[in-house]
Amino acid sequence: MLSTNELGRPTLIFDEVSSTNTLGFEAAQRHTPHGTVILAESQTAGKGRLGRTWHSPSGKNLYVSIVLTHATYKTHISWIPLVTGMALAESLELVSELSLSLKWPNDIVIHDRKLAGILCEARQKGNTEGAIVVGIGMNINSDNDDFPKELRDTATSLKLERLQEFDRLPLLAAFLANLESHYTRLHSEPIEAIRSQYIARCSTLQCAIEVHFSSGKRLEGEAVDVGMDGELQVMSFDNQNRHTILPIRSGDVFHIRKSLRGIYNAGTVE
Ligand code: BTN
């Protein structure tokens, strides 16, 4: 089913691993080809963003990591998580006919529930070129009771949304092909074009949001833009109602409500 030139060549398939991302870095150390994919039926220590765990039950979903070793990928490293999110949203939309959006930076969401998540990790090893490992967890055929209790109101799967099961491998092959063409565009098109396309998909913009940082600090404001490095620009107000725009590069974003500007724009007839 694979129609790519680089991604998924080879694809290493396992029954159970600790984390496909961890295996991705191990493979990179052994000089695996750029684009190697690690695929597992289940993970015992699946990693999520910001130090969380990714619950990974067997036989229902997709847990996949892509190893990027070409030095050119470092040029646009801040866009890799966002572009991966765009490719994933498009591919999941195509098979499911659902309407999906991206919560900054790259959670795939529908009706405020999370359908898939992406963890990009980069490591530099001594003088070698290092690797970027892009890990993707997609909830495909999970039922509600497959999720831990605390996630049952905020997570979803293709099956829960469409009330039917989905074939995982054709979906993965289509996603890898789409991802490869997005990565090619990242190196051949102006960032402004990629940024516009991302903005059109991102439901965080024009939302009143709260950002939780790994330090424990929190920020409230309005998500007003995505910058040229893919950073979220948040307008926040001080006690004297003076505003500042802060660039957010990492953090957990919670949508509180659409801002007045967002509601007004949504209601505008062109
Ligand atoms: C997130 O927190 O939203 C990111 C979740 C990423 C999970 C995937 S599953 C495959 C790969 N291996 C991991 O350990 N994590 C990623």
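Using a ≥ b ≥ c from the Cα gyration tensor of the stretch 207-258 (square roots of the eigenvalues), is it rounded, prolate or oblate, where a/c under 1.5 gives rounded and otherwise the larger of a/b and b/c decides, a/b for prolate?
Values: a/c = 1.37, a/b = 1.14, b/c = 1.20.
Since a/c stays below 1.5, the shape of the stretch 207-258 is classed as rounded.
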statement: Measuring from its Cα centre, the chain shows a charge dipole (+1 at each Lys and Arg Cβ, -1 at each Asp and Glu Cβ) which, in debye to the nearest 20, is 500
Rough spin-label spacing in nm, given labels placed 7 Å along Cα→Cβ, for Gln124 and Ser78: 1.7
- prompt: Taking the stretch 26-89, which trypsin sites (Lys or Arg not before Pro) meet the DSSP loop condition and have no more than 16 other C-beta atoms within 10 Å?
  reply: Arg30, Arg52
message: Just to verify a number: what accessible area does Asp107 come out at with the full protein assembly present, 1.4 Å probe, Å² rounded to tens?
response: 10
- prompt: Counting only protein chains, not ligands or nucleic acids, how are Ser101, Ser142 ordered by accessible area (probe 1.4 Å), most first?
  reply: Ser101, Ser142
- request: Report, in deg cm²/dmol and to the nearest 500, the calculated mean residue ellipticity at 222 nm for the chain, where each DSSP H run with n ≥ 4 adds -39500 (n - 2.57) and the sum is divided by the residue count.
  value: -8000 deg cm²/dmol
- line: Given backbone amide H placed at 1.01 Å from N, residues whose amide H is under 5 Å from that of Gly8, ignoring those fewer than 5 places away on the same chain, are Thr36, Val37
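Using a 1.4 angstrom probe, figure out how much accessible area the stretch 207-258 has per residue, in square angstrom, rounded to the nearest whole.
Numbers: 3160 Å² over 52 residues.
That works out to 61 Å² for each residue.
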Solvent-accessible heavy-atom area per residue, rounded to whole Å², over the stretch 17-101 at 1.4 Å: 38
Cβ-Cβ FRET estimate between Arg257 and Thr184, R0 fixed at 41 Å, reported to 0.05: 0.60
message: Sort Met1, Met235, Met228, Met86 by heavy-atom solvent-accessible area, probe 1.4 angstrom, most to least.
response: Met1, Met228, Met235, Met86
task: Please arrange Lys114, Lys149 by accessible surface area, largest first, computed with a 1.4 Å probe and ligands excluded.
output: Lys149, Lys114
task: Report, in whole Å, the centroid distance computed from the Cα atoms of the stretch 116-188 and the stretch 1-25.
output: 12
statement: Per residue convex hull volume, Cα only, the chain, in Å³ is 152
task: May I ask which residue of Tyr183, Leu169, Phe213 lies farthest towards the positive end of the charge dipole of the stretch 90-233, with charges of +1 (Lys, Arg) and -1 (Asp, Glu) on Cβ and the Cα centre as origin?
output: Phe213
- line: Filtered pair list for the chain (Lys only, Cα < 15 Å, 8 or more apart or interchain) has a length of 6
task: Please give, to one decimal in nm, the separation of the simple spin-label points placed at Glu192 and Ser18, each 7 Å out from Cα toward the Cβ.
output: 4.6
- request: Name the most mobile residue of Gln197, Gln29, Gln240, meaning the one with the largest mean-square fluctuation, in a Gaussian network model of the chain with Cα contacts below 10 Å.
  value: Gln240
field: Cα-projected label distance for Asp145 with Asp112, points at 7 Å along beta-carbon direction, nm
entry: 2.7
field: Accessible carbon and sulfur surface of the chain relative to its total accessible area, %, 1.4 Å
entry: 51
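The values are calculated or read from the model by the stated rules, or taken from the named source; none is laboratory data. Every value quoted in this text rests on a predicted model; they were computed, and no experiment measured them. With ideal geometry, Cβ positions are generated from the backbone for all residues, glycine too; neighbour counts draw on all protein chains shown. The accessibility values were calculated without ligands, DNA or RNA, using every heavy atom of the protein model including side chains. Shrake-Rupley method; radii C 1.70, N 1.55, O 1.52, S 1.80 Å.
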